[in-house]
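A short worksheet on the structure shown next.
Just so it is clear, none of the values below were taken in a lab; they were calculated from the coordinates. Bear in mind that the values here come from a model prediction, so they are computed numbers and not experimental data. Heads up, the Cβs are rebuilt from the backbone with ideal geometry, glycines too, and the neighbour counts pull from every protein chain shown.
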Amino acid sequence: MDLSNLKRLAGERAIAYVKEGMAIGLGSGSTVYYAIQKLAERVRAGLRVRCIPTSRRTEELALSLGLTLTDFSEVAELDLVIDGADEVDPHCNLIKGGGGALLREKIVASAGKRVIIVVDETKLVERLGAFPLPVEVLPFGWEATLRRLERLGCRAVRREEDSQPFLTDNGNYILDCHFGEIADPTRLEREIDLIPGVVESGLFLGLAERIIVGRAGGTVEELVCPSRIWLGREDSNLQPPG
Ligand code: 5RP
């Protein structure tokens, strides 16, 4: 099975958790793409939901499929957030931001009662860090911010697209930080957050409730995360309908 099929398996499975009337956060990327397609199928069959997208790209896709969008002026909490990830460790800590949407993704995930992450099995790692950690920074003084990040032990590279600096949907830069194995993600997140000029890092710690994994054999595995207990959200008890 090729990778896109594994992504499809994981993405589509997540839609089993969607119920009538939910407010849903829609992540970004090629795995969530399949979730959105499946969601649209259910909406065409009569399901009513409202969605907050995490990127312009997702917004365009959702609108093109006829999904109803909303925003945080109307919704205080999202019933469910479905998003992808670039790496997932055994504690359900994530690296996100490969697509550059990490800031909106983190705002949306933090507003989610339940966060489901959809990945193909290549995203599962023992330790985070082989994937360079994306950090969104203000363009002003970005070189100084980069140097401060490098003092934390990485090589940081400003992301480019078509030989130009990549700009996020928020008009910021992404610095891809090559740390290698990250021994203590919690500490690193704190240290990065303290650097002036940093808007957000792609470390998503303790946010995911469940990881849905598309496996090479064509099966789907669901990993339940213990980590939301840290956030006092141990009440969540996800059960797919049926
Ligand atoms: C975008 C993200 C994506 O969720 C992440 O890059 C995974 O993408 P894909 O499903 O295409 O592998 O964090 O900012």
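Across all directions, the shadow cast by the convex hull of the chain built on its C-alpha atoms averages 13.4 square nanometres. Within the range 127-198, the chymotrypsin sites (Phe, Trp or Tyr not before Pro) that combine a DSSP coil assignment with at most 16 other C-beta atoms in a 10 angstrom radius are Phe140, Phe166. Let a ≥ b ≥ c be the square roots of the eigenvalues of the Cα gyration tensor of the range 133-195; is it rounded (a/c under 1.5), or, if not, prolate (a/b larger than b/c) or oblate? In terms of gyration-tensor shape, prolate.
By the beta carbon rule, with partners counted only under 4.7 Å, the chain holds these lone Cys residues: Cys51. Dividing the helix sum by the residues of the chain, where each DSSP H run of 4 or more adds -39500 (n - 2.57), gives a mean residue ellipticity at 222 nm of -8000 deg cm²/dmol. Which of the lysines could a cross-linker bridge to Lys7, judged by Cα under 20 Å and excluding same-chain residues fewer than eight apart? The qualifying lysines are Lys38, Lys96, Lys123. What number comes out for the charge environment of Leu9, summing +1 per Lys or Arg and -1 per Asp or Glu over other residues with Cβ under 9 Å away? Every neighbour counted, the sum reads +2. Summary of the geometry: the range 2-52 and the range 85-137, compared by the centres of their Cα atoms, lie 18 Å apart.
With bins 10 Å wide beginning at 0, the percent of Cα pairs of the range 1-79 falling in each bin runs 19, 55, 23, 3, 0.
Say a site is exposed when it is one of the GluC sites (Glu not before Pro), sits in a DSSP loop, and has at most 11 other Cβ atoms within 10 Å; what is then the longest site-free stretch of the chain? The partial results should precede the final answer.
Details: sites that count: Glu20, Glu74, Glu77, Glu126, Glu181, Glu234.
Value returned for the longest uninterrupted segment is 127-180.
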